[in-house]
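The values are calculated or read from the model by the stated rules, or taken from the named source; none is laboratory data. For clarity, every value in this text was computed on a predicted model and none was experimentally measured. Virtual Cβ from ideal backbone geometry, glycine too; neighbours counted across all protein chains shown. Note: areas computed on protein heavy atoms with side chains; ligands, DNA, RNA excluded. Shrake-Rupley method; radii C 1.70, N 1.55, O 1.52, S 1.80 Å.
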Amino acid sequence: MPIKVLPPEVTSKIAAGEVVDRPASVVKELLENSLDAGATQITVEVQNGGVSLIRVTDNGNGLDARESEIAFLRHATSKISSLDDLEHINTLGFRGEALPSIASVAEVEMLTNKSSTTAAAYLRLENGEIVVKEKRSRPPGTTITARHLFRNFPARLKFLKSATTESGHIANVVSQYALAFPCVKFNLLVDGKVNLRTSGDGELRSTVSELYGLETAQKMLIVESSDNLIKLNGLTSPPAVQRSSRSYLSFFVNRRYVRNSLLARAVDTAYQGLLMTGRHPVVILNISIPPEEVDVNVHPTKIEVKFRNNNAVFMAVEKALRQTLEKAPLTAIQITADQEGQALSLWERAALATAALPVLRTL
Ligand code: ADP
Ligand code: MG
């Protein structure tokens, strides 16, 4: 075949494929937009694993009619305006790709209002094109609905798992953002039933209680540390609270939910010798770092980030967690007898009952 430039309808689908690979990625992008708009209340409704319907309603700073149309153009964003801004991102979004991508793989409606004194703008899009434009009423804020996700993409649809699994991924995304923003009231309705509800009272411990239960929440230890560049805050579990998977590790960089193996390794190192093999703690940690110290533009869905100084971040996390554990009251440190499969002697058990954590570490 001769070389040629692909037509826009093909390139838009290719671009959309990078941003939206499953219903949970639509939810993630819409949530990030609501949070960037300063919402304090966000409701997410999904049906049939998000394939039939995803609706995100917020009370943030909405758009006027003109802005609402621009929002669906590729690379339209209110969050950056120059190359220089790319080095100092302090919003969750910045690429201007989410809305056009979602609109090219689903039927989308947007109802948005900037103020309580004007009419709201309503738009309906099919195949990325605006097909209905109306004035409607709505208090300030934005509602975006995506229906029939991947209806015209049987190949993508085939890769989706059951509705239950897809809803699970969605619940995970909402949970992570609920942990990152304890001041925001989140509601998740799955097929009409409340799946998750947070109070938005600003207390991380309340969110943890709503997600992981009161008992875990009460036991969690406060992590707080600050050096000149890296500030850490969150909650971490005492060794008595153990999980069999790493899915209870939540890391946020400037409140952006990220996956990062370096941070997971720092946790492993901090808990070394305190947990049985194959067991993991519950950690919710926000890393506040100057935006120029982290590159958030390395992954299409922004789930991965790159730190300028990996070593400094690793050390800061490991140290903050270790110091938290060392300061923890002894009652929080009930070590199970069978550390790494080795039964402890009676003497060791007695030592465990009385010893301080540094002693435990040497056993
Ligand atoms: P980005 O978030 O990268 O800017 P998006 O495609 O996600 O790109 O959104 C485009 C623009 O639409 C945003 O920059 C913002 O101005 C506007 N927008 C999207 N969602 C909302 C919302 N829920 N509330 C207010 N404005 C929104
Ligand atoms: Mg966005």
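Observations
- Per residue, the convex hull spanned by the alpha carbons of region 18-85 comes to 112 Å³.
- Taking a Cβ cut-off of under 15 Å around residue 246, the surrounding Lys, Arg, Asp and Glu residues balance to a net charge of +3, with basic ones at +1 and acidic ones at -1.
- Think of a 1.4 Å ball rolled over the protein heavy atoms: the chain then has 50 Å² of accessible area per residue.
- For the chain, the spherically averaged projection of the C-alpha convex hull amounts to 21.8 nm².
- Interchain or long-range residues, amide H under 5 Å from residue 76's placed H: none
- Two-decimal log10 I(q)/I(0) for region 202-327, as the Debye equation yields it once each C-alpha is a single scatterer, q = 0.13, 0.17, 0.22, 0.23 Å⁻¹: -0.50, -0.86, -1.37, -1.46
- Choice from 206, 245, 25 with maximal GNM fluctuation in the chain (Cα, 10 Å cutoff): 245
- Expressed in Å, the radius of gyration and Dmax of the Cα atoms of region 60-211 are 17.3, 46.
- Amide H contacts of residue 255: 287, each under 5 Å away and 5 or more positions distant or on a separate chain (H built 1.01 Å from N in the peptide plane; Pro and chain starts excluded).
- Here, region 62-147 yields an orientationally averaged convex hull projection of 5.8 nm² when only Cα atoms define the hull.
- Highest average packing first - 34-45, 86-97, Cβ atoms within 10 Å: 34-45, 86-97
- Percent accessible area from carbon and sulfur atoms, the chain, protein chains only, probe 1.4 Å: 52 percent
- Cα-based convex hull, region 154-232, per residue volume (Å³, whole number): 139 Å³
- Rg/Rg_globular for region 1-132, with Rg_globular taken as 2.2 N^0.38 Å and Rg from C-alpha atoms: 1.10
- Calculated from backbone phi, Karplus (6.51, -1.76, 1.60) coupling profile of region 144-154 in Hz, x at Gly/Pro: 10, 10, 10, 10, 6, 4, 6, 4, 9, 10, x
- Neighbourhood net charge (11 Å Cβ-Cβ; Lys/Arg +1, Asp/Glu -1) for residue 318: +2
- Label point distance in nm, residue 240-residue 76, each placed 7 Å from Cα along Cα→Cβ: 5.6 nm
- Less than 5 angstrom separates the built amide H of residue 223 from those of 234, 235, 236, all sequence-distant by 5 or more or on a different chain.
- The lysines whose alpha-carbon is closer than 30 Å to the alpha-carbon of residue 133, local same-chain residues fewer than 8 away aside, are 13, 28, 79, 114.
- Residue-by-residue Karplus 3J(HN,Hα) for region 57-68, coefficients 6.51, -1.76, 1.60, Hz, glycine and proline x: 10, 9, 10, x, 6, x, 10, 8, 4, 5, 5, 4
- Kyte-Doolittle at least -1.0, axis length at least 18 Å by Cα - qualifying DSSP helices, the chain: 23-36, 163-180, 310-327
- Against the rule of thumb 2.2 N^0.38 Å, how large the Cα Rg of region 179-270 comes out: 1.16
- The mean sequence distance of close C-alpha pairs (under 8 Å, at least 6 residues apart), as a share of the length of region 10-111, puts its relative contact order at 33 percent.
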